[in-house]
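Okay, structure first, notes after.
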Ligand SMILES: Nc1ncnc2c1ncn2[C@@H]1O[C@H](COP(=O)(O)OP(=O)(O)OP(=O)(O)O)[C@@H](O)[C@H]1O
Ligand SMILES: [Mg+2]
């Protein structure tokens, strides 16, 4: 089976007055459709940097990211399409637009992808309902919601343009244990039921239980876990 994601020899160094930080060093791994990959690592080990490189929010100094066998930075049009439609992000601090409603947060990426207003509405409502966000909450502003509700809205937003890859950065970091488990179950369901390739970076060891592939990240380097 062809991999959805191939990460090949990625390197990223941040240069600063106080010295350089080699945040990601020679990281390679692959993930297939329907798989959950978990990367466990302590603070400062390079997890967020790696996720940003994979999501193309940062560019690597060297190395390559292939999606379905194609280099994501092959052309600038392909790169824009990749960012908007082929990858979805879930963050520790939710990163919702607090002045917008839940539904508006979910339809925003659809707007950027050029969906009609009626399609945006229909699809947004469907995704939020699937995440257990009812009609009243769909119309509530994001800043009035609980952490678990915010994270479920953020997952619906990540799914807005039906990406192949979901990248989750410490998705349970601001949730209590029970709510965190619900969020992890949702992410696992996206892999198992929808065939997404889900990548979770975290320091929460309990998430290792759901991993098809588990890695450790230490000082920018990735090694197989266990
Ligand atoms: N934009 C940046 N400029 C300079 N240095 C950075 C930048 N982003 C990250 N770093 C450095 O790179 C290293 C890796 O940081 P990163 O945020 O990827 O770690 P992390 O594993 O996500 O940590 P945490 O678990 O605390 O979120 C750290 O030493 C950090 O200070
Ligand atoms: Mg981080």
Notebook entry, point to check: Is one or more of the residues making up region 96-112 in a loop (DSSP other than H, G, I, E, B), modelled with pLDDT under 95 and either within 16 Å of ligand 2 (Cβ to nearest atom) or within 30 Å of residue 10 (Cβ to Cβ) (or both)?
Noted result: no
Check: Which of the residues that make up region 101-133 are farther than 27 Å from residue 202 by Cβ and surrounded by fewer than 17 Cβ atoms within 10 Å (Cβ to Cβ)?
Finding: 111, 112, 113, 114, 116, 117, 118, 119, 121, 122, 126, 129
Next item on the list: Spot the failing condition for residue 93; the list is (1) surrounded by 19 or more Cβ atoms within 10 Å (Cβ to Cβ); (2) within 16 Å of ligand 2 (Cβ to nearest atom), and only one is missed.
Entry: (1)
Note to self: So, in region 1-21, how many residues would count as being within 16 Å of ligand 2 (Cβ to nearest atom) and either surrounded by fewer than 17 Cβ atoms within 10 Å (Cβ to Cβ) or within 17 Å of residue 92 (Cα to Cα) (or both)?
What the structure shows: 2
Check: Wholly within region 155-226, which strands (runs of 3 or more DSSP E) include no fewer than the required count, namely at least 2 residues that are surrounded by fewer than 21 Cβ atoms within 10 Å (Cβ to Cβ) and within 16 Å of ligand 1 (Cβ to nearest atom)?
Finding: 213-218, 221-224
Notebook entry, point to check: When residue 62 is evaluated against the numbered criteria (1) at pLDDT 95 or above; (2) crowded, with 16+ Cβ neighbours inside 10 Å, which criterion, by number, is the only one it fails?
Noted result: (2)
Check: Restricting the search to region 31-60, which residues are within 7 Å of ligand 1 (Cβ to nearest atom) and in a loop (DSSP other than H, G, I, E, B)?
Finding: 41, 42, 43, 44, 45, 46
Notebook entry, point to check: Which condition does residue 76 not pass, out of (1) closer than 23 Å to residue 210 by Cβ; (2) surrounded by fewer than 20 Cβ atoms within 10 Å (Cβ to Cβ); (3) out of contact with any strand residue (DSSP E or B) (no Cβ under 9 Å at 6 or more places or on another chain), if it passes all the others?
Noted result: (1)
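The values are calculated or read from the model by the stated rules, or taken from the named source; none is laboratory data. Because the structure is a prediction, the values reported are computed rather than measured. Note: ideal-geometry Cβ built from the backbone for every residue, glycine included; neighbour counts use all protein chains shown.
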